[in-house]
Amino acid sequence: MVEADSESRLGGRWTVFLSPVVWLLLMALAAGTWVWAGSFLRTVEKEGMVQRTQVAADFIRSYMTGIATRQRQDASKSLADRTVGAGRLEMFGAGLGYTSMIVLDHRGRALAIWPPRPELIGQDLTGSQPHVRLALQEDRMVVSNVFTSAVVPNQSLIAIAVPFSTPHGQRIFSGGFIVAESPLGNYLREAIAPPGGYAYLIDRFGDVVATTRNPGAQVISLSRFAPQLAAALRRGPEGDYHRAGQDWHYTSAQVWPDSWRLVVVAPHRRLYAEPDEEHRRFGIVLLVSGLCGLAAAATITYIAHRRWQGQQQLLRQDARLRAFHAELELFAASISHDLRTPLTAMSTSAEVLSEHYPGQMSTEEALVFVQKIRSSAARMGDLITALLAFSQLQRDQIDLQRVDLAALTDQVWEGLARHRDERDIRFERADLPPCRGDSELLRQALATLLDNAIESTRDRPTARIEVGYQAGPEGFVTYRIHDDGTGLDADQLKEVFTPFQRLRRTGTYQSVGMGLSLVQRIVTRHRGRIWVESSPEGGTTFFFTLPTA
């Protein structure tokens with residue numbers, strides 16, 4: 001006993017010693033997680049800025065390509081005459097937003113200029129317009145670097161040169177515009193620049209094409225306009241630099257290969273404001289979680305124990321319910337047996353009455369009463385049989401396998417030949433897809449539904465019964481059985497699947513009102529559903545869903 005107490009105390013001391021160590025390890029893990037979370041959140045924000053910049057660069061490229069494609073198509077139609085006047089050129093460029101335009105022939109000689117510069121007509125301008133020369137040599141669209149316009153004095157422009165074909169030979173159209181005053185400039189200011197930051201478009205020489213800041217009308221290099229950023233870009237396409245007493249992060253993306261580059265910069269305090277706030281909140285949550293850890297563990301242990309107790313209680317209740325269900329089945333079988341005994345006595349007494357006691361009434365009268373007794377007995381027997389069938393269906397296991405419903409429908413229809421009494425019934429069956437189910441139960445359901453359709457069309461000299469299908473919920477097929485016989489009214493539709501509700505006279509379990517209830521139970525046990533649509537004059541259609549094979 002003393003040895004046991006000693007071991008217990010030793011275990012307690014080890015618990016006291018290990019608990020702080022484990023707790024310190026957990027707190028160290030939490031602190032490491034907090035540090036990692038801060039780095040992760042900042043990385044996510046950086047990656048988001050990179051993605052937004054790349055998307056913006058792709059948009060700018062698509063925008064410029066779209067303009068070039070449009071001006072090539074329009075130029076082939078509007079600027080294809082032998083001579084092109086400045087007025088025609090002005091009208092052509094009115095919808096494109098160009099500040100200056102030039103049309104050149106296949107040798108680079110100016111054919112038309114707007115604003116008009118008559119002294120330049122006929123001169124070879126490829127020397128002063130490198131982008132025009134490149135477009136002429138390589139027969140492709142070329143976007144220029146930023147340059148000081150010879151047509152519009154004291155103004156820096158960029159131009160798009162596109163070759164186009166005419167009956168008079170290849171020509172080049174070059175349109176120049178001020179990016180800052182174009183929709184592209186609005187896009188830079190309103191959609192690309194982050195809060196508190198800037199966006200720059202620079203050409204391959206490092207000159208500023210456009211920016212959200214104001215560089216003035218002259219060509220200016222990024223090295224003069226933002227020297228710290230230019231120095232950082234020489235080190236890499238993405239990174240950090242220091243300017244105006246604060247840290248900045250920048251990222252860049254190519255708009256054109258070996259040409260324009262989009263650069264986006266944002267101050268750290270604005271870029272990381274949201275991640276830092278989330279990081280702070282995360283730290284508070286971790287701290288509170290650490291202080292509440294022991295209480296949480298105790299609470300979880302208590303809840304788990306209570307849950308286990310609840311599960312044990314549910315198991316006990318389930319066992320009691322199973323036993324009660326078994327007792328109910330025995331009770332139903334007993335009632336069935338007890339009901340059959342007096343029914344047999346009723347039938348025997350009726351026969352004795354009809355044979356030995358004709359004196360007090362005529363034979364015809366006695367036979368009428370006897371027939372009623374025997375009919376009632378037969379009726380009760382049918383009820384008991386149907387009730388037992390319903391009970392049997394609820395407790396038996398179903399054997400799910402692939403069922404060829406088309407072949408099964410044909411077999412059931414042939415089996416119902418005696419129910420048709422040589423009537424003129426047009427039976428139409430679609431190419432039904434297979435399903436998964438218990439073939440015997442589905443045979444019983446089809447027999448009931450088809451027999452019901454035969455009975456509903458009994459008053460028609462020529463009847464039509466259709467079996468088809470349609471798309472169902474995911475994993476299921478919806479089958480339908482339609483007849484053009486007497487439909488059901490609204491009251492009958494409400495009670496159509498209720499046990500012991502007779503809709504029509506038939507020769508199966510519907511005679512006691514259990515047939516459609518059995519069909520509903522069969523479909524439900526296959527995890528499907530069944531419903532009916534009908535009108536007194538429009539026929540009846542039963543729909544039911546079954547799992548796909």
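Structure values in brief
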quantity	calculated
Single residue of segment 423-451 satisfying the filter (farther than 22 Å from residue 540 by Cα and among the charged types (D, E, K, R)) that is farthest from the chain's Cα centre (by Cα)	440
Segment 57-95, residues that are part of a loop (DSSP other than H, G, I, E, B) and surrounded by 15 or more Cβ atoms within 10 Å (Cβ to Cβ)	79, 84
Contacts under 6 angstrom Cβ, first residue in segment 224-246 being free of Cβ contacts under 8 Å to residues at least 24 places away in the same chain, partner outside any helix (DSSP H, G or I) and among the β-branched types (Val, Ile, Thr), 6 or more apart	225/208
Neighbours by Cβ (under 6 Å, 6+ apart or cross-chain): first from segment 518-543, touching a residue at least 12 places away in the same chain (Cβ under 8 Å) and surrounded by 15 or more Cβ atoms within 10 Å (Cβ to Cβ); second outside any strand (DSSP E or B) and basic (Lys, Arg)	none
Selected residue (criterion: modelled with the highest pLDDT) from residues of segment 493-534 that are among the polar types (S, T, N, Q) and over 35 Å from the mean Cα position of the chain (by Cα)	517
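The values are calculated or read from the model by the stated rules, or taken from the named source; none is laboratory data. Just so you know, these numbers come straight off a predicted model, no measurement behind them. No Cβ is skipped: glycine too gets one built from the backbone with ideal geometry, and neighbour counts run over all protein chains shown.
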